[in-house]
Amino acid sequence: MEDKTKYTWYALYTKSRAEKKVLEQLTRMGIKAYLPMKKVLRQWSDRKKWVEMPVISSYIFINIPKQDYRRVFEANGVVAYVSYKGKACTIPDSDIEAMRRTIENQLDFDVETDKLEKGQTITVTSGPLKGITGEVLEIQGAKKLYLQISNIGYTLVVDLADATFTKEK
């Protein structure tokens with residue numbers, strides 16, 4: 001018998017610098033969690049070192065059914081759901097996928113000569129983000145796209161290089 005349980009993505013606030021520990025605990029609990037990471041060169045007084053840091057500090061993304069809503073608080077370091085007007089914000093699968101692809105592919109894109117305008121919705125038609133739809137929030141030069149992550153108030157800044165896109169009508 002197939003499991004028809006609906007899983008939804010949410011963002012959680014974590015205690016400062018607790019993201020990796022929370023990810024580990026949630027994973028052990030059998031909860032699907034995603035912590036987008038980036039490599040950053042850190043400078044200490046005696047050395048420099050590349051370290052992996054969360055893309056968004058104090059945020060972790062989880063994919064759970066409704067019945068696991070309270071269970072996430074069993075993980076040490078979880079503070080609250082990211083919410084709006086008292087209700088946990090859901091995040092579309094496509095936003096998580098766009099973030100995952102952006103980070104995994106360390107993107108460099110190129111834009112066709114079509115003029116992009118603020119507020120436009122575009123769909124990437126080639127390259128590592130193929131199939132991803134996003135709203136143009138801001139444009140800097142011809143090669144930088146600001147892709148809004150719905151419902152949580154964050155934006156990915158993507159340099160476009162090997163991709164084409166279409167504007168939504």
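The values are calculated or read from the model by the stated rules, or taken from the named source; none is laboratory data. Predicted model, so just to flag it, every value in this text is computed and none were measured. Virtual Cβ from ideal backbone geometry, glycine too; neighbours counted across all protein chains shown.
Return the pair list, or none, for Cβ contacts closer than 7 Å from residues in the range 68-97 that are without any contact (Cβ under 8 Å) to a residue 40 or more places away in the chain to residues that are surrounded by fewer than 17 Cβ atoms within 10 Å (Cβ to Cβ), at least 6 apart or on different chains.
Note: pairs meeting the criteria are Ser83/Cys89.
Look at Val111 and say whether it is outside any strand (DSSP E or B), surrounded by 14 or more Cβ atoms within 10 Å (Cβ to Cβ), among the β-branched types (Val, Ile, Thr) and modelled with pLDDT under 65.
Against the criterion (outside any strand (DSSP E or B), surrounded by 14 or more Cβ atoms within 10 Å (Cβ to Cβ), among the β-branched types (Val, Ile, Thr) and modelled with pLDDT under 65), Val111 qualifies.
Anything in the range 79-88 that is among the β-branched types (Val, Ile, Thr) and buried (at least 16 other Cβ atoms within 10 Å of the Cβ)? List them, or say none.
Val82
Could you go through the range 1-8 and let me know if any residue there is surrounded by fewer than 15 Cβ atoms within 10 Å (Cβ to Cβ) and under 27 Å from Glu135 (Cα atoms).
yes
Results for (1) out of contact with any strand residue (DSSP E or B) (no Cβ under 9 Å at 6 or more places or on another chain); (2) of a type outside the set (A, V, I, L, M); (3) surrounded by 11 or more Cβ atoms within 10 Å (Cβ to Cβ), shown as yes or no for each residue.
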{"residue": "Lys15", "(1), (2), (3)": "no, yes, yes"}
{"residue": "Ile31", "(1), (2), (3)": "no, no, yes"}
{"residue": "Gln43", "(1), (2), (3)": "no, yes, no"}
{"residue": "Val55", "(1), (2), (3)": "no, no, yes"}
{"residue": "Gln67", "(1), (2), (3)": "yes, yes, no"}
{"residue": "Val72", "(1), (2), (3)": "no, no, yes"}
{"residue": "Gly77", "(1), (2), (3)": "no, yes, yes"}
{"residue": "Thr90", "(1), (2), (3)": "no, yes, yes"}
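Filter the range 29-66 for residues that are under 16 Å from Glu19 (Cβ atoms), over 16 Å from the mean Cα position of the chain (by Cα) and touching a residue at least 40 places away in the same chain (Cβ under 8 Å) and give the result.
Across the range 29-66, the qualifying residues are Met29, Ile31.
Tell me whether the range 51-64 contains one or more residues that are of a type in the set (Asp, Glu), at pLDDT 90 or above and outside the structural domain of Ile122 (by TED's automatic domain parsing).
No, the range 51-64 contains no residue that is of a type in the set (Asp, Glu), at pLDDT 90 or above and outside the structural domain of Ile122 (by TED's automatic domain parsing).
Restricting attention to the range 18-32, does a residue exist that is under 28 Å from Tyr7 (Cβ atoms), at pLDDT 80 or above and of a type in the set (S, T, N, Q)?
Looking for residues that are under 28 Å from Tyr7 (Cβ atoms), at pLDDT 80 or above and of a type in the set (S, T, N, Q), one finds at least one in the range 18-32, hence yes.
Which of the residues belonging to the range 1-48 are polar (S, T, N, Q) and touching a Lys or Arg at 6+ places or on another chain (Cβ under 9 Å)?
Within the range 1-48, Thr5, Thr8, Thr14, Gln43 meet the criteria.
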